[in-house]
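Colleague: Before anything else, here's the structure in question.
The values are calculated or read from the model by the stated rules, or taken from the named source; none is laboratory data. Keep in mind that what you see is a predicted model, and the values were worked out from it rather than measured. Heads up, the Cβs are rebuilt from the backbone with ideal geometry, glycines too, and the neighbour counts pull from every protein chain shown. Accessible surface areas use protein heavy atoms only, side chains included; no ligands, DNA or RNA. Shrake-Rupley method; radii C 1.70, N 1.55, O 1.52, S 1.80 Å.
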Amino acid sequence: MQKGIIGKKIGMTQIFDETGKVIPVTVVEAGPCVVVQKKTVENDGYEAVQLGYGDIRAKRVNKPLAGHFKKADVAMKRTLKEFRLDDISALNVGDIVKADTFAEGDIVDVCGTSKGKGYAGTIKRHNNSRIKETHGSGPVHRHAGSMGACSSPSRIFKGKGMPGHLGAERVTIQNLEVVKVDAENNLIAIKGAIPGPKGGTVTICDCVKKA
């Protein structure tokens, strides 16, 4: 990983390229982020930088976290994320990371928290099929049905698709293209959709290509 930033999902729109082709994009308010902590191999066993994003009032920060910001001599931030970069020599505590760290054409991975959808059945949660509603199927046409457990094994195997909580989980979308960067307003337009509701916090980093 060479670079990363924290941002806020603004919403979706569309832009036109040079040929007039419509490109659906998600607009992200990326930064400005401040380097709150710099981790080194000597002190921590690995190299990384901790970025802070979004201002927060001092009364909403607990004492340990307030001391963390005071030690770095930076303003208190709402969101803290750690990035394991290949080279952190150019970054120091107090430095500001802005949207122009990315450029048009970059391939990035975006991580965010998906929308919470509450308690859901197996059809919505696991894309199960339903039974027919005619000829005496009764009020169970959307139920999970029998699990097939008789005397053996008399239990449900781990991983079985069951009703339960849907959404509100960490999701990463890989290999998305940066279509446009507005450095003046700290905006990045990313091709396609990214996880999370409008106003949700997302993390953007350059794509980690696997061999």
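Colleague: GNM on the chain, C-alpha springs below 10 Å: top fluctuator among Pro64, Pro195, Pro139?
Modeller: Largest GNM mean-square fluctuation: Pro139.
Colleague: Beyond 19 Å between alpha-carbons counts as too far, so tell me which of Lys8/Lys115; Lys21/Lys198; Lys98/Lys180; Lys70/Lys98 fall in that bin. Walk me through the intermediate numbers first.
Modeller: Numbers: Lys8/Lys115 14 Å; Lys21/Lys198 25 Å; Lys98/Lys180 14 Å; Lys70/Lys98 22 Å.
Those over the limit are Lys21/Lys198; Lys70/Lys98.
Colleague: What is the extension gain from Lys124 to Asp44, computed as 0.36 nm multiplied by their sequence separation minus the C-alpha to C-alpha distance, in nm to one decimal? List each step's numbers first, then the result.
Modeller: On the way: separation 80, 0.36 × 80 = 28.80 nm, distance 4.39 nm.
My answer for the length gained is 24.4 nm.
Colleague: Among [x] 44; [y] 28; [z] 17, which one is percent of Cα pairs over 29 Å apart computed from these coordinates?
Modeller: Calculated percent of Cα pairs over 29 Å apart: the matching label is [x].
Colleague: While we're here: How much net charge surrounds Asp73 when only the other residues with a Cβ under 14 Å from the Cβ of Asp73 are counted, with Lys and Arg +1 and Asp and Glu -1? It would help to have the intermediate numbers written out before the result.
Modeller: Working: positive: Lys38, Lys70, Lys71, Lys77; negative: Asp95.
Summing Lys and Arg as +1 and Asp and Glu as -1 gives +3.
Colleague: Return the single residue from Cys150, Cys111, Cys33 with maximal mean-square fluctuation; model: Gaussian network over the chain, springs between Cα atoms under 10 Å.
Modeller: Of Cys150, Cys111, Cys33, the most mobile in the Gaussian network model is Cys150.
Colleague: For the chain, find the longest principal axis of its Cα atoms and tell me its angle to the long axis of helix 63-72, 0 to 90°, nearest 10.
Modeller: 40
Colleague: Using 1/(1 + (r/R0)^6) with R0 = 41 angstrom and r between the beta carbons of Ile96 and Val22, what's the FRET efficiency to the nearest 0.05? Let's see the in-between values first.
Modeller: Details: r = 34 Å, r/R0 = 0.83.
The calculated FRET efficiency here is 0.75.
Colleague: Just to confirm, what accessible area per residue do you get for the range 52-211 at 1.4 Å probe, in whole Å²? Don't skip to the answer; put the middle values down first.
Modeller: Values: 10830 Å² over 160 residues.
Roughly 68 Å² per residue, with all protein chains present.
Colleague: Add -39500 (n - 2.57) for each DSSP H run of 4 or more in the chain, then divide by its residues: what number comes out at 222 nm, to the nearest 500 deg cm²/dmol? Walk me through the intermediate numbers first.
Modeller: Values: 3 runs with 19 residues, N = 211.
The helix-only estimate for the chain comes to -2000 deg cm²/dmol at 222 nm.
Colleague: Accessible area, 1.4 Å probe, largest first: how do Phe69, Phe16 sort? Spell out each step's value before the answer.
Modeller: Values: Phe69 0, Phe16 135 Å².
Solvent-accessible surface, decreasing: Phe16, Phe69.
Colleague: Report the label-to-label distance for Glu177 and Ser151 in nanometres (one decimal), using points 7 Å from each Cα along the Cα→Cβ vector.
Modeller: It is 6.3 nm.
Colleague: Would you look at the GNM of the chain, springs on alpha carbons closer than 10 Å, and say which of Gly121, Gly45, Gly11 moves the most?
Modeller: Maximum fluctuation in the GNM of the chain, among the listed residues, is at Gly45.
Colleague: In the chain, carbon and sulfur make up what percent of the accessible area (probe 1.4 Å)?
Modeller: Values: 6670 of 13410 Å².
Roughly 50 percent, rounded to a whole number.
Colleague: Remind me, relative contact order of the range 1-47 in percent, using alpha carbon pairs under 8 angstrom and six or more residues apart? Numbers along the way, then the final one.
Modeller: Working: 49 pairs, mean separation 15.1, N = 47.
Contact order relative to length: 32 percent.
Colleague: Which far-off residues, 5 or more places away or on another chain, put their amide H under 5 Å from the one on Lys8, with H placed in the peptide plane?
Modeller: Here the answer is Glu29, Ala30, Gly31, Val202, since their amide H atoms fall under 5 Å of that of Lys8.
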